[in-house]
Amino acid sequence: MIAHARNVPAAAPNGAVAEVSPLTRAELYQLTLFKWRYALDRDGFTASEAEQLMFLKWRAASGRVAA
């Protein structure tokens, strides 16, 4: 049986066991998107503006446009 990476403790540089996130990479990504969207809504952007900014952020992060 293969253990999932998130369940296996990682060794820290000093040899101690580092705390492993209970979230998967996909879950962390979704949480990050939610936090960005929430921040845009909180700062007064309209839903349309927030969608456009999120799209541009995705394009910049994926290397499709210059940041």
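A50 meets the conditions (1) in a loop (DSSP other than H, G, I, E, B); (2) in contact with a helix residue (DSSP H, G or I) (Cβ under 8 Å, 6 or more places away or on another chain); (3) among the small types (G, A, S); (4) modelled with pLDDT of 85 or more in every case but one. The failed one is (1).
When you go through L40, L23 one by one, which is the residue that is modelled with pLDDT of 85 or more, in a helix (DSSP H, G or I) and not basic (K, R)?
Residue meeting the stated conditions: L40.
The values are calculated or read from the model by the stated rules, or taken from the named source; none is laboratory data. For clarity, every value in this text was computed on a predicted model and none was experimentally measured. Counting neighbours? That spans all protein chains shown, and the Cβs are built from the backbone with ideal geometry, glycine included.
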